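See structure below.
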Amino acid sequence: MKPQIRVLLILAILALAAGWASLRRGNAELVKRLAARPAGAAEVAR
Amino acid sequence: MKVKPNVEMWLYLAAMVALSHLVVVEGHARVDLERRLAVEPRELYRTLARSRSGLQILDVRPDLAAGYDESHVPGAIPMPSCDEARAPEAARGRILRSVPTVVVSARGDELGVHDCIDRFTSARSLAGGMQAWSEANLPEDSGEYAPPSARAGGGCL
């Protein structure tokens, strides 16, 4: 495999991994905020 | 350890497919979480003030004259009771289902709000509705809906 192709593939994998990690962090933050809401608000939301 | 180029290529591709799947799963989870979490008035204001975010704001208060015409979030599109047929003629073609949307009701906790949110690909409600927006002393517009002019420049809130 050409070194350039290898580098490109590795960069693509790293970008995907970074995107996934960022989404996971954001989702964990949203879950925390949802859990911190008053119980009444959570019932209304569903 | 020496890996055959062909095998190496497949390993990279498998990793990319697996990671893409994880990104899609987390993305769906994000949309679902955001639906359940209302946006605070100041957070919405900051988003609107920071950039042309492409955010669509829908005012779903049922009484157009006593609600939207009296005061509304700047740039909001009236859609009384979340019924596009009841929106003013000028607003009808501007309501898009796939655009990130914030739904503004009177108090933010009305029963129909979440049914309305479910009709959009990515939507949240405004916490506390228009009442909370007014109480936070954030800028308001009044009057009937007028579609933005094609020549309009970037205004400020």
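Quick check: is even one residue across the stretch B:10-22 over 26 Å from A:LEU16 (Cβ atoms) and at the interface with chain A (Cβ under 10 Å from one of its Cβ atoms)? Break it down stepwise before answering.
Step one: list which residues in the stretch B:10-22 are over 26 Å from A:LEU16 (Cβ atoms), which gives none.
Within the stretch B:10-22, none of the residues are over 26 Å from A:LEU16 (Cβ atoms) and at the interface with chain A (Cβ under 10 Å from one of its Cβ atoms).
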Over the stretch B:95-129, the set of residues crowded, with 17+ Cβ neighbours inside 10 Å and touching a Phe, Trp or Tyr at 6+ places or on another chain (Cβ under 9 Å) is B:PRO100, B:THR101, B:VAL103, B:VAL104, B:LEU126
> Has the stretch B:110-120 got at least one residue that is small (Gly, Ala, Ser) and in contact (Cβ under 8 Å) with a residue 12 or more places away in the chain?
Replying inline: yes
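Confirm whether B:PRO74 is without any contact (Cβ under 8 Å) to a residue 24 or more places away in the chain and in a loop (DSSP other than H, G, I, E, B).
Considered against the rule, which asks whether it is without any contact (Cβ under 8 Å) to a residue 24 or more places away in the chain and in a loop (DSSP other than H, G, I, E, B), B:PRO74 comes out as no.
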The condition from (1) at pLDDT below 90; (2) away from chain A (no Cβ under 14 Å); (3) surrounded by 13 or more Cβ atoms within 10 Å (Cβ to Cβ); (4) within 12 Å of the chain's Cα centre (by Cα) that B:LEU64 misses is numbered (4)
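The values are calculated or read from the model by the stated rules, or taken from the named source; none is laboratory data. In this text, all values refer to a predicted model and were calculated from it rather than measured experimentally. Quick reminder, even Gly has a Cβ in these numbers, built from the backbone with ideal geometry, and neighbours come from all protein chains shown.
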